[in-house]
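Engineer: Can you read through this structure? Questions will come right after.
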Amino acid sequence: MSNNTQITVAHGDGIGPEIMAETLKILEAAGARLDIETIEIGEKVYLRGHSSGIEEASWDSLHKTKVFLKAPITTPSGGGFKSLNVTVRKTLGLFANVRPCVAYHPFVKTNFPGMDLVIVRENEEDLYAGIEYRHTPDVYECLKILTRPGSERIARYAFEYARANGRKKVTCMIKDNIMKMTDGMFYAVFEEVGAYYPEIARDRMIIDIGAARIATHPNDFDVILAPNLYGDIISDIAADVTGSVGLGGSSNIGLGGAMFEAIHGSAPDIAGKGIANPSGLLLGAVMMLVHIGQGDVAMKIHNAWLKTLEDGIHTGDIYREGQSKQRVGTTGFGDAVIDRLGQMPSTMKAITYPTGENTAIKIPELSPQKPVKQEMAGIDIFVQSYETPDILAEKILKLNLPLELQAITNRGATVWPHGDPATYCVDHYRLRFKRDKEGGKTITLTDSMAVQYKIAEAGFLIAKTENLFLFDGKRGYTVGQGQ
Ligand code: NAD
């Protein structure tokens, strides 16, 4: 039996086939031990009527090899086409997106020589869960879902990555001063998990100042951990700050597989011209080699690639008069890397990767959680109304409901009792009902249904309801602003 690792490869659209051919050529020359299955994804598949950009048969290959090297694809414009990346991520459960952002000073122009950080982004949850609603003519909602297992898994991945790669610090970026429950939990789990890695320093930053610091002081960071949306935004900021978006590779890692790619798109403006830089995809392939236990080949390619940059052999996107020595096309660049296999960079730091069979990062088992007592403490009923808060309250109080109306809020701000007439109200009020003080008598779903029934019978449109729970007596919901 061959010792080769099976992988699935997709050549993609635009410059995809050109940079993939070059990447595979370098992998082969470096002695990568691979058996390649090729699938078709992207534009042609979309236009054949598959709204996800991938056909059923291709999943068989992905499920079998569990390792996907993917060239960029073109998403056709117009509605109805689903993001292939999101589909693959969700289907294969690729929960971690890893994007190293490195400056290659003085060979690639950057304001921050020495920048070398890695963003570990949660990839499946958060506002990207795609759960959205329109409740009333005025109000739209997108649910931000963070889970404890999802947060623990990504925090563990970040610390395991830091440990495996000799990194010294993990900075968690959140907005827990505002989103105390979701981001608060993400941060608490980060602290809890981080305690198992005493050799790695922990830091935290609120995402807004964190993003600003990445743009102005990127050398302060080592590994950055963030939930999905913040991670998405800071990944692009960091990649741009290196001065070389076209040189970045990324990996998407899950329990059921992994996907490796360049961070850029299919660049249709330069497709077919033979001038695209294959480096982003090549560095994605290097991450893949480390993942499948071929760190020896990864090291050989990565160092030859650094040496090529140092020797001033540059594609047009990074070519600079004075600094660069030779302008090459895609193939010329690939040939130059192959010529340097076995050589080390002389100015930039040489790369070392763990070698041996099992170098893929393993995620330790999730921590067992203590059972928790969950009881209902109340209900929020969101109704459509064009009344003032006081008139709405009067109408609701008149219904003589079995639960006590505690407060009315609009867009989160308390407008009754003691609202401020200056608060701008839309057509979507939240009525908060509680029987008595927290920890008092438990409310049942029957109580809540009875309240909803009477409110609907009085002619109100109920846009949505939320149950209010206590967990071991602790509030599982926030209070209204100003309450
Ligand atoms: P893009 O990244 O393709 O191109 C942006 C600019 O960078 C262009 O000027 C392009 O010529 C240049 N560029 C990109 N890669 C380069 C390379 N390797 N060498 C030299 N120059 C390079 O972004 P875009 O133009 O916004 O998107 C084009 C298409 O790619 C769209 O259909 C988009 O949906 C898709 N896209 C796909 C992926 C993916 O498959 N992962 C990611 C991003 C965008």
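The values are calculated or read from the model by the stated rules, or taken from the named source; none is laboratory data. Values in this document were obtained by computation on a predicted structure and should not be read as measured data. Counting neighbours? That spans all protein chains shown, and the Cβs are built from the backbone with ideal geometry, glycine included.
Engineer: Could you list, in sequence order, all residues of the range 68-82 that are without any contact (Cβ under 8 Å) to a residue 12 or more places away in the chain and near the ligand (Cβ under 8 Å from one of its atoms)?
Structural biologist: Ser77, the sole residue that qualifies.
Engineer: Test Ile263 against the criterion of being at pLDDT below 95 and more than 9 Å from the ligand (Cβ to nearest atom), and give yes or no.
Structural biologist: Judged against the criteria, Ile263 is not a match.
Engineer: Hey, can you tell me all the residues within the range 266-299 that are surrounded by 21 or more Cβ atoms within 10 Å (Cβ to Cβ), more than 9 Å from the ligand (Cβ to nearest atom) and outside any helix (DSSP H, G or I)?
Structural biologist: If the condition is that a residue be surrounded by 21 or more Cβ atoms within 10 Å (Cβ to Cβ), more than 9 Å from the ligand (Cβ to nearest atom) and outside any helix (DSSP H, G or I), then Ile292, Gln294 are the ones that fit.
Engineer: Quick check: is even one residue across the range 109-131 within 15 Å of the ligand (Cβ to nearest atom), small (Gly, Ala, Ser) and without any contact (Cβ under 8 Å) to a residue 60 or more places away in the chain?
Structural biologist: no
Engineer: Looking only at the range 340-368, count how many residues are in contact with a Lys or Arg (Cβ under 7 Å, 6 or more places away or on another chain) and either surrounded by fewer than 12 Cβ atoms within 10 Å (Cβ to Cβ) or closer than 24 Å to Pro106 by Cα (or both).
Structural biologist: Residues meeting the conditions: 6.
Engineer: Being assigned to a loop (DSSP other than H, G, I, E, B) and either touching a His at 6+ places or on another chain (Cβ under 7 Å) or hydroxyl-bearing (Ser, Thr, Tyr) (or both) is the filter here, so list the residues in the range 385-427 that pass it.
Structural biologist: Selection gives Ser385, Tyr386, Thr388, Thr423, Tyr424.
Engineer: Let me ask something additional. Does Arg153 qualify as being under 14 Å from Ile363 (Cα atoms) and assigned to a helix (DSSP H, G or I)?
Structural biologist: In short, yes.
Engineer: Do we have Ser244 as within 15 Å of the ligand (Cβ to nearest atom) and not charged (D, E, K, R) here?
Structural biologist: Yes, satisfied.
Engineer: Sticking with this one: Can you tell me which residues in the range 3-18 are under 14 Å from Glu37 (Cα atoms) and among the aliphatic types (A, V, I, L, M)?
Structural biologist: Once the filter is applied, which keeps residues that are under 14 Å from Glu37 (Cα atoms) and among the aliphatic types (A, V, I, L, M), the range 3-18 yields Ile7, Val9, Ala10.
Engineer: Now for a separate question. Since Thr423 meets every condition but one in (1) within 36 Å of the chain's Cα centre (by Cα); (2) over 16 Å from Asp390 (Cα atoms), which condition does it not meet?
Structural biologist: Failed condition: (2).
Engineer: Here are some residues: Ile351, Ile318, Ile338, Ile363. Which one is within 19 Å of Glu28 (Cα to Cα) and out of contact with any Asp or Glu (no Cβ under 6 Å at 6 or more places or on another chain)?
Structural biologist: Residue meeting the stated conditions: Ile338.
Engineer: Still on this structure: Going through Leu392, Leu399, Leu470, Leu445 one at a time, which residue ends up being touching a helix residue (DSSP H, G or I) at 6+ places or on another chain (Cβ under 8 Å) and of a type outside the set (S, T, N, Q)?
Structural biologist: Exactly one residue qualifies, and that residue is Leu399.
Engineer: Among residues belonging to the range 161-191 that are surrounded by 14 or more Cβ atoms within 10 Å (Cβ to Cβ) and of a type in the set (Asp, Glu), point out the one that is farthest from Pro354 (Cα to Cα).
Structural biologist: Looking at the filtered set, the residue picked out is Asp176.
Engineer: Which residues, counting only those in the range 189-214, are out of contact with any Asp or Glu (no Cβ under 7 Å at 6 or more places or on another chain) and under 18 Å from Asn228 (Cβ atoms)?
Structural biologist: Phe190, Arg204, Met205, Ile206, Ile207, Asp208, Gly210, Ala211, Ile214
Engineer: Further question on the same structure: Where residues in the range 22-39 are free of Cβ contacts under 8 Å to residues at least 60 places away in the same chain and out of contact with any helix residue (DSSP H, G or I) (no Cβ under 6 Å at 6 or more places or on another chain), which of them is farthest from the ligand (Cβ to nearest atom)?
Structural biologist: If we take residues in the range 22-39 being free of Cβ contacts under 8 Å to residues at least 60 places away in the same chain and out of contact with any helix residue (DSSP H, G or I) (no Cβ under 6 Å at 6 or more places or on another chain), then Asp35 is farthest from the ligand (Cβ to nearest atom).
Engineer: Kindly evaluate Gly53 against the criterion of being away from the ligand (no atom under 14 Å from the Cβ) and at positive phi.
Structural biologist: No.
Engineer: Taking the stated definitions as given, is Gly231 within 16 Å of the ligand (Cβ to nearest atom), modelled with pLDDT of 95 or more, in the same structural domain as Ala298 (by TED's automatic domain parsing) and more than 22 Å from Glu22 (Cβ to Cβ)?
Structural biologist: In short, yes.
Engineer: How about the range 300-317: which of its residues are more than 16 Å from the ligand (Cβ to nearest atom) and either within 30 Å of the chain's Cα centre (by Cα) or not aliphatic (A, V, I, L, M) (or both)?
Structural biologist: Lys300, Ile301, His302, Asn303, Leu306, Lys307, Glu310, Asp311, Gly312
Engineer: Here is a follow-up. Out of the range 306-322, which residues are touching a residue at least 24 places away in the same chain (Cβ under 8 Å) and in a loop (DSSP other than H, G, I, E, B)?
Structural biologist: Within the range 306-322, Asp311, Gly312, Gly316, Asp317, Ile318, Arg320 meet the criteria.
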